[in-house]
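Remarks on the structure that follows.
Please treat every number below as a calculation from the coordinates, not as lab data. Remember, predicted model here, so these are calculated numbers, not experimental data. Please note: Cβ atoms are built from the backbone with ideal geometry, for glycine as well, and neighbour counts cover all protein chains shown.
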Amino acid sequence: MMGPIAMASVTQAIEPGPARGQIEALWRALRFNPLATVGALFILVFVMFALFAPWIAPYDPSQIELPARLLGPSTRHWLGTDELGRDILSRIIFGARISMLVGASVVAGSLLLGLLVGCTAGYYGGRIDRFVNIIMMNAFLSFPGFLLAIAFVAFLGPGLVNLILALIIGGWVGYARLVRAQVLATKEREYVEAARAIGAGDFWIITRHILPNMIQPVIVQAAIGMAGAILAEATMSFLGLGVAPPTASWGSMLNDGRSHLFDAPHLVIFPAITVMLAVLSFNFIGDALRDYLDPRSRIEAGL
């Protein structure tokens with residue numbers, strides 16, 4: 001049995017590692033895509049909001065000022081105030097924390113679970129694959145993911161942790177199916193057979209030879225999944241199944257403002273625009289990454 005260093009040296013000439021300049025080419029694909037550039041800028045803004053909200057927000061998002069309730073945009077309150085006199089801009093900035101945290105946590109959890117299940121089913125095949133693909137995945141797919149998340153939160157009660165777990169339970173299957181399909185196609189490649197021939201273990205083959213060569217479509221799915229997770233969090237919070245008040249959340253702000261849709265429309269317009277920009281930004285990034293992985297699109301774009 002050969003050691004890891006020997007395995008790496010023997011398979012280095014066989015395994016197609018990442019092409020030189022691949023990261024630079026990916027950066028060019030994003031940089032020269034106007035929509036992806038705009039999306040990246042908005043994502044950067046939202047991330048800055050999430051990280052530095054206490055220093056960026058002009059007011060305490062929970063500060064109640066009844067004499068200033070339902071004020072329109074002004075120099076004092078740039079986006080106006082809600083029915084309790086709370087500054088809408090400050091609540092949007094702090095709401096970015098919830099949206100970015102939920103989005104990143106849901107995508108990370110769903111991706112890790114999908115990688116574990118998909119790699120196991122695709123690599124070992126046989127009864128394991130039949131159980132995972134036919135029974136396990138189909139059982140979860142028989143219920144709409146969003147309705148499954150609603151049922152989970154309704155059973156355990158609203159809260160940030162329960163919301164994240166619910167969205168992971170409803171969203172991991174898509175990642176698992178994609179990973180399984182990629183593993184099935186990758187495990188028959190010559191460099192994987194060469195690694196088996198020299199005695200490499202399953203864990204070594206999966207982590208060093210299969211995952212690096214099938215992860216790109218999964219990254220695209222993760223980028224688009226961030227948009228879906230942010231939208232799902234806003235929807236759940238709108239339904240009262242997200243974080244508990246008075247914590248600022250984009251979805252709860254929409255719920256609070258719906259009763260003032262005609263007399264104070266800014267309560268709904270600004271949070272809705274924020275959700276739209278966040279979802280579109282991640283979709284733009286996902287589309288740019290998908291175009292980069294399409295050889296015909298790369299040739300047309302000169303990448």
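Just so you know, the averaged projected area of the alpha carbon convex hull for the range 193-293 sits at 9.3 nm².
Each residue of the range 248-259 was assigned a 3J(HN,Hα) from its phi angle through the Karplus curve 6.51 cos²θ - 1.76 cosθ + 1.60 (θ = phi - 60°); the sequence is 6, 8, 4, x, 5, 5, 5, 5, 5, x, 5, 6 Hz, with glycine and proline shown as x.
The stretch between Ser62 and Ala272 holds 73.6 nm of extra length on full extension. This uses 0.36 nm per residue minus the Cα-Cα distance. Angle of helix 145-156 to the longest C-alpha principal axis of the chain, folded into 0 to 90 degrees and rounded to 10: 60°. For the chain, the longest principal axis of the C-alpha atoms and the axis of helix 88-124 are separated by about 20°. Over the range 83-169, the reciprocal of the mean inverse Cα-Cα separation, the Kirkwood hydrodynamic radius, stands at 15.2 Å. Computed over the chain, the convex hull of the alpha-carbon atoms projects to a mean area of 19.4 nm². One decimal place: the segment Phe155-Leu101 gains 17.2 nm when fully extended, by the rule 0.36 nm per residue minus the C-alpha distance. Fraction of C-alpha pairs exceeding 13 angstrom in the range 192-240: 67 percent, rounded to a whole number.
Ranking Leu261, Val173, Thr247 by how far each Cα lies toward the positive end of the dipole of the chain (charges on Cβ) leaves Val173 at the top. Taking the 0 to 90 degree range and rounding to the nearest ten, how far is the long axis of helix 34-56 tilted relative to the main principal axis of the chain, both from C-alpha atoms? Long axis of 34-56 versus the principal axis of the chain: about 60 degrees.
Treating the range 47-86 as a set of equal point scatterers at the Cα positions, no solvent, please give the Debye-formula log₁₀ I(q)/I(0) at q = 0.22, 0.26 Å⁻¹. Rounded to two decimals, the profile gives -0.71, -0.87. Take the alpha-carbon positions of the range 56-200, form their convex hull, and give its projected area averaged over all directions (one quarter of the hull surface) in nm². Its average projected convex-hull area is 13.4 nm². Using Cα springs under 10 Å in a Gaussian network model of the chain, which residue among Gly251, Gly201, Gly85 shows the largest mean-square fluctuation? Most flexible of the set in this elastic network: Gly201.
With contacts taken as Cα pairs under 8 Å and at least 6 residues apart, the range 157-247 reaches a relative contact order of 51 percent. Considering helices alone, the calculated mean residue ellipticity of the chain at 222 nm is -22000 deg cm²/dmol, with DSSP H runs of length four and up weighted by -39500 (n - 2.57) and normalised per residue. Length gained on full extension, Trp204 to Ala244, computed as 0.36 nm times the residue gap minus the Cα-Cα distance: 10.0 nm. Based on alpha-carbon centroids, what's the gap between the range 54-99 and the range 160-189 in Å, whole number please? Value for the Cα centre distance between the two parts: 38 Å. Counting every C-alpha pair in the range 101-148, the share spaced more than 11 angstrom apart comes to 70%. When the chain is treated as a GNM, springs tying every alpha-carbon pair under 10 Å, which of Gly174, Gly157, Gly145 comes out with the largest mean-square fluctuation? Comparing Gly174, Gly157, Gly145 in the GNM, the peak value goes to Gly157. Evaluated with a Cβ-only charge set (Lys, Arg +1; Asp, Glu -1), the chain carries a dipole of roughly 480 debye about its Cα centre, given to the nearest 20.
Comparing Gln63, Gln221, Gln182 in a Gaussian network model of the chain, where Cα atoms under 10 Å apart are tied by springs, the biggest mean-square fluctuation is seen for Gln63. Taking chymotrypsin sites (Phe, Trp or Tyr not before Pro) in DSSP loop conformation with at most 14 other Cβ atoms inside 10 Å as exposed sites, the chain has its longest uninterrupted site-free stretch at 79-261.
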